[in-house]
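Here is the structure we will look at, set down as structure tokens.
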Ligand code: XMP
């Protein structure tokens, strides 16, 4: 008879038993899974858990500081690492989506490894892997064709020679949320939309520059904040914005402009495998579009993605 509380009680007991006085390291992403894993492990072993939260420079606007603050507020022993430059330098000039993902996966491991080495006597690597990740990584790495290489699973342990502990690997997402709620994690954090590991890198089509990241962060912030302010955020499973590699002609006063185009995307889904585009109210779209064009320099056109998955994927690359 599974309940979130019984899961917490038995898992904390198991973790205490398994880990004893060992030191454990965990990478936090700001997402639900790693956060719930972190809080659960912290309950079991306290400050023997060190969490590492990496700023890859591809997070949402203010995300790094906000998330770091909330982790500290929850009492987690967390090290924030500003690695923006490492990532952006390696990504310079790269346009191919899978190459971007590989670079980000590799640099993440390097940065994480570097920080983890600083922790004395660390024996375990904890991961927020959930059951669908386990299934998916089998199919992604297995004989069937690679669709997109998600870098959330695998990779880290081989290099670091650590034992792996994955306290959520039998849970589905909704169970993870219920467990998080039972442990007092804020609904705002638990209700966050999924966000891809490679972050804004795969929403900037074509090559990535700091300037493009900043533009996309501003646009994304207007869209997401707009959804929240209009009570639409929870109606949507995932939302985000793509910065397109085309420029379009516009007019401003007497002048012709030749500037960037962004595509807004909002989908409903249960697991991301299939998704429908959300029929956001026209008035809302009109307001967001105006705000974006008026406030974000360098963008003169906003379009809304009305494709469902399949055949269109949620991300554009
Ligand atoms: P697609 O675009 O394949 O996305 O329909 C399905 C879900 O997966 C997320 N996604 C990723 N997550 N690393 C991740 O951690 C990735 O490389 C990646 N690519 C897509 C996407 O945001 C959506 O939730």
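The values are calculated or read from the model by the stated rules, or taken from the named source; none is laboratory data. These numbers were taken from a predicted model, which means no experiment stands behind them. All Cβ positions, even for glycine, are placed from backbone atoms using ideal geometry, and neighbour counts span all protein chains on display.
Things to note:
- Verdict on residue 200 being surrounded by fewer than 22 Cβ atoms within 10 Å (Cβ to Cβ) and either at pLDDT 95 or above or within 24 Å of residue 313 (Cβ to Cβ) (or both): no
- Apart from one condition, residue 241 fits all of (1) assigned to a helix (DSSP H, G or I); (2) within 13 Å of the ligand (Cβ to nearest atom); (3) touching a strand residue (DSSP E or B) at 6+ places or on another chain (Cβ under 9 Å); the exception is (1).
- Screening the range 261-317 for residues that are farther than 17 Å from residue 193 by Cβ and within 16 Å of the ligand (Cβ to nearest atom) and picking the one that is surrounded by the fewest Cβ atoms within 10 Å (Cβ to Cβ) gives 311.
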